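The values are calculated or read from the model by the stated rules, or taken from the named source; none is laboratory data. Fair warning: this is a prediction, and the values are worked out from it, not measured in the lab. FYI the Cβ positions are ideal-geometry reconstructions off the backbone, even for glycines, and counts take in every protein chain you see.
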Amino acid sequence: MIGNFVGVVFDGVAYGSLLFVISIGLSVTMGLMNFVNLAHGAFAMVGGYAAVVMMTRFGVPFLATLPVAFVVSALVGAVLERLLYRRLYRASHLDQVLFSIGLVFMSIAGATYVFGSQQQPVQLPAFLRGQVHLLGLDLGSYRLFLIAIVIAITLILTWLVERTRFGAAIRASVDNQQASAGLGIDVYRVFSLTFALGSGLAGLGGGLGIDVLGLDPTFPLKYMVYFLLVVAVGGAGTIKGPLIAALILGVFDVAGKYYVPQIGSFVIYVVMVAMLLAFPRGVLGKRG
Amino acid sequence: MRYSFMTTRRGFLSALAASAAALSLPRLAWAAEPLKIGLILPLTGPFASTGRQIEAACRLYIARNGDTVAGRKVELIVKDDTGSPETTKRIAQELIVQNKVDILAGFGLTPLALATAPLATEAKVPMVVMAAATSIIPTRSPFIVRVSMTLPQITQPMAEWALKNNIKRVVTLVADYGPGLDAEKTFVKRFTEGGGTIVESIRSPLQNPDFAPFLQRVKDAKPDALFVFVPSGQGTAVMKQFAERGLGEAGIKLIGTGDVVDDDILDAMGEPTLGVITSFHYSAAHPSAENKAYVEAFMKANNGMRPNFMSVGGYDGMHMIYEAEKKTGGSSDGEKIVAAMKGMSWVSPRGPMSIDPTTRDVVQDVYIRKVEKKDGHYWSIEFDKLEKVKDPSS
């Protein structure tokens with residue numbers, strides 16, 4: 001019984017970790033740049049497809065495709081930011097939502113045209129498959145790997161935003177664009193880089209997620225609710241907020257499905273409502 | 001001189017008479033207008049693979065058997081309904097009214113077939129169902145004839161096989177949608193009637209990102225087998241988690257219907273499918289000369305794409321249309337064509353099959369298969385079968 005419980009918590013934390021990797025980019029763009037980017041999942045999908053193409057067409061091993069997924073999504077993000085997103089920074093949130101949802105549908109049609117509507121395969125290296133037996137528990141190797149990745153990403157991002165000059169520039173640009181520009185910060189360049197970073201993280205999440213979430217052209221729409229959930233509950237603009245939110249949601253989702261499968265998929269939404277009532281601005285949110 | 005001929009009244013009249021005679025001549029001489037078949041399939045959208053397989057199979061049938069039958073030239077009019085019922089209905093109407101098709105065919109999903117059924121009845125146009133698998137479909141119009149399969153037809157044999165092979169306790173895991181619930185109902189009914197125990201019936205939400213918790217629950221319940229029915233695409237996730245969590249090592253068998261190991265994507269799914277036992281009416285590895293030739297020709301004509309169960313629906317549908325035309329001497333009369341199809345039997349790449357003369361539904365052998373790796377590819381190898389299975393609800 002206790003063993004079951006620990007297993008459920010472990011699976012939940014791993015699932016939450018994956019949600020976090022995919023959603024953190026959205027927290028960055030939405031919280032720091034104040035842009036409601038519903039097309040976030042499209043960038044995750046770009047990363048996923050980049051990883052799959054590298055694997056199936058060029059025989060690149062799985063781990064090596066992850067940086068590629070990050071870079072490709074970041075580049076696509078940077079290009080789109082320059083061409084499209086930049087025009088809408090000052091637009092109303094409704095315009096941003098309409099624009100980005102349009103991008104979602106275009107990305108779905110585009111992916112269907114290029115890759116077809118089927119699920120894409122992923123070949124994990126042997127050491128990430130199966131389970132490891134630890135202290136009498138069976139733990140999925142890939143899930144352990146996901147948790148490790150999340151710890152690394154959290155540390156790097158926190159350091160980047162809170163300790164570096166670039167992080168300071170982001171925070172300054174967000175708080176007051178005019179003053180920042182007056183102080184010699186190239187606000188547009190900062191936003192470009194931030195957007196590319198957010199997109200890249202999405203792409204990384206897309207690549208990591210293929211094994212658990214699958215990858216097909218409807219990806220951006222199918223998981224949009226989850227990205228938004230994590231950012232809404234966690235509070236946009238922070239790194240720890242979405243981390244805590246993703247872990248809580250992951251654990252409750254898995255526990256709900258395990259203990260009460262009849263209503264399992266519903267539990268996550270109950271948790272969301274309860275948490276939003278308790279913390280309307282998100283667990284550690286800066287903005288409403 | 002030509003102009004003056006046409007401009008005189010007598011000249012004009014005689015020209016008119018001559019051309020009228022010329023027009024009526026072919027009718028008398030060959031009595032054959034082209035045989036127009038309106039093929040409505042989802043060729044884009046989430047069910048595009050269904051349409052792709054069926055269209056390829058229909059074209060292959062024509063390529064292998066000639067494009068004339070009973071003296072009529074076969075004209076295939078292919079339309080994309082994107083998988084939405086309103087579109088299917090609109091296209092069917094256009095095909096009937098404008099293109100004056102002799103036969104409607106295709107129908108990738110149940111709602112698409114149901115939406116078109118009243119039109120077939122009204123226009124007295126035979127409607128050959130090549131994919132949709134809900135039991136009730138042929139009851140919706142006397143002009144519907146089905147060559148694909150029904151869900152209970154291929155599900156029940158799995159329960160039969162489990163009962164005979166010392167599987168006593170089963171957990172079912174189905175996606176929470178129409179076909180999933182039907183599969184659960186059929187399996188649970190037959191299995192418990194035969195003395196088996198259903199430990200638990202789990203329904204996973206249709207939009208399900210992670211099967212891990214459900215499968216952990218299954219593992220802890222320690223059944224003899226897990227029966228799975230999920231939409232195409234989710235099967236991979238289930239089988240992967242099944243393998244990763246060591247359910248197989250814990251002595252649990254993974255059983256289900258053959259669509260979870262769809263031949264079209266079986267190779268891409270790869271290793272996690274090994275050892276999965278399914279019941280189905282078609283495997284690309286079916287050991288017969290007809291099938292071997294079929295698979296070879298299909299893959300050659302389609303850039304290496306492996307034919308799946310959808311494809312044989314298309315292929316056999318075309319076969320049934322050809323044979324009905326031969327039997328009726330090239331008729332365009334819907335009632336005669338359907339009458340010719342009733343009771344027809346033939347050997348398909350899938351094996352022997354026939355059309356039940358009363359229900360107009362398919363009767364066929366259902367095979368029990370296991371996924372194995374041969375020559376670097378994954379195949380569902382048949383090792384047992386139930387002969388002449390009808391839809392159990394009919």
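Name every residue in the range B:249-263 that is surrounded by fewer than 21 Cβ atoms within 10 Å (Cβ to Cβ) and either away from chain A (no Cβ under 14 Å) or not in a loop (DSSP other than H, G, I, E, B) (or both), in order of residue number. Answer for the range B:249-263, where residues must be surrounded by fewer than 21 Cβ atoms within 10 Å (Cβ to Cβ) and either away from chain A (no Cβ under 14 Å) or not in a loop (DSSP other than H, G, I, E, B) (or both): B:G251, B:K253. When restricted to residues that are of a type in the set (G, A, S), closer than 19 Å to B:I54 by Cα and in a helix (DSSP H, G or I), the range B:108-131 contains 1. For the range B:158-183, the set of residues classified as in contact with a helix residue (DSSP H, G or I) (Cβ under 9 Å, 6 or more places away or on another chain) and part of a helix (DSSP H, G or I) consists of B:M158, B:A159, B:E160, B:A162, B:L163, B:G178, B:P179, B:D182, B:A183, listed by residue number.
Only a single criterion out of (1) in a loop (DSSP other than H, G, I, E, B); (2) crowded, with 20+ Cβ neighbours inside 10 Å; (3) more than 19 Å from the chain's Cα centre (by Cα) is not satisfied by B:W379, namely (1). With respect to the numbered conditions (1) free of Cβ contacts under 8 Å to residues at least 12 places away in the same chain; (2) in contact with an Asp or Glu (Cβ under 9 Å, 6 or more places away or on another chain), which one is the sole condition not fulfilled by A:L83? So A:L83 meets the others, but not (2).
B:V101 fulfils the conditions (1) in contact with a Leu (Cβ under 9 Å, 6 or more places away or on another chain); (2) part of a loop (DSSP other than H, G, I, E, B); (3) farther than 22 Å from B:Y322 by Cβ except for a single criterion, (3). For the range B:203-219, taking the residues that are touching a Pro at 6+ places or on another chain (Cβ under 9 Å) and surrounded by fewer than 22 Cβ atoms within 10 Å (Cβ to Cβ), the one that is nearest to the other protein chains (Cβ to nearest Cβ) is identified as B:R217. If a residue must be outside any helix (DSSP H, G or I) and in contact (Cβ under 8 Å) with a residue 60 or more places away in the chain, how many such residues does the range B:286-312 contain? Counting residues in the range B:286-312 that are outside any helix (DSSP H, G or I) and in contact (Cβ under 8 Å) with a residue 60 or more places away in the chain gives 7.
Scanning the range A:140-153 for any residue that is assigned to a strand (DSSP E or B), touching a residue at least 40 places away in the same chain (Cβ under 8 Å) and within 14 Å of another protein chain (Cβ to nearest Cβ) turns up at least one such residue.
A single member of A:V251, A:V267 is closer than 23 Å to A:L201 by Cα, surrounded by 14 or more Cβ atoms within 10 Å (Cβ to Cβ) and in contact (Cβ under 8 Å) with a residue 12 or more places away in the chain, and it is A:V251. A single entry from B:G246, B:G235 fulfils the requirement of being farther than 18 Å from B:S348 by Cβ, of a type in the set (G, A, S) and part of a loop (DSSP other than H, G, I, E, B): B:G246.
On inspection, B:F191 fails the criterion of being more than 9 Å from every other protein chain (Cβ to nearest Cβ) and either among the aliphatic types (A, V, I, L, M) or in contact with a Phe, Trp or Tyr (Cβ under 7 Å, 6 or more places away or on another chain) (or both). Consider the range B:220-233 and keep the residues that are surrounded by 22 or more Cβ atoms within 10 Å (Cβ to Cβ) and either within 11 Å of chain A (Cβ to nearest Cβ) or of a type in the set (V, I, T) (or both). The one that is farthest from B:D176 (Cα to Cα) is B:V228. Scanning the range A:162-195 for residues that are modelled with pLDDT of 85 or more and basic (K, R) turns up A:R163, A:R165, A:R189.
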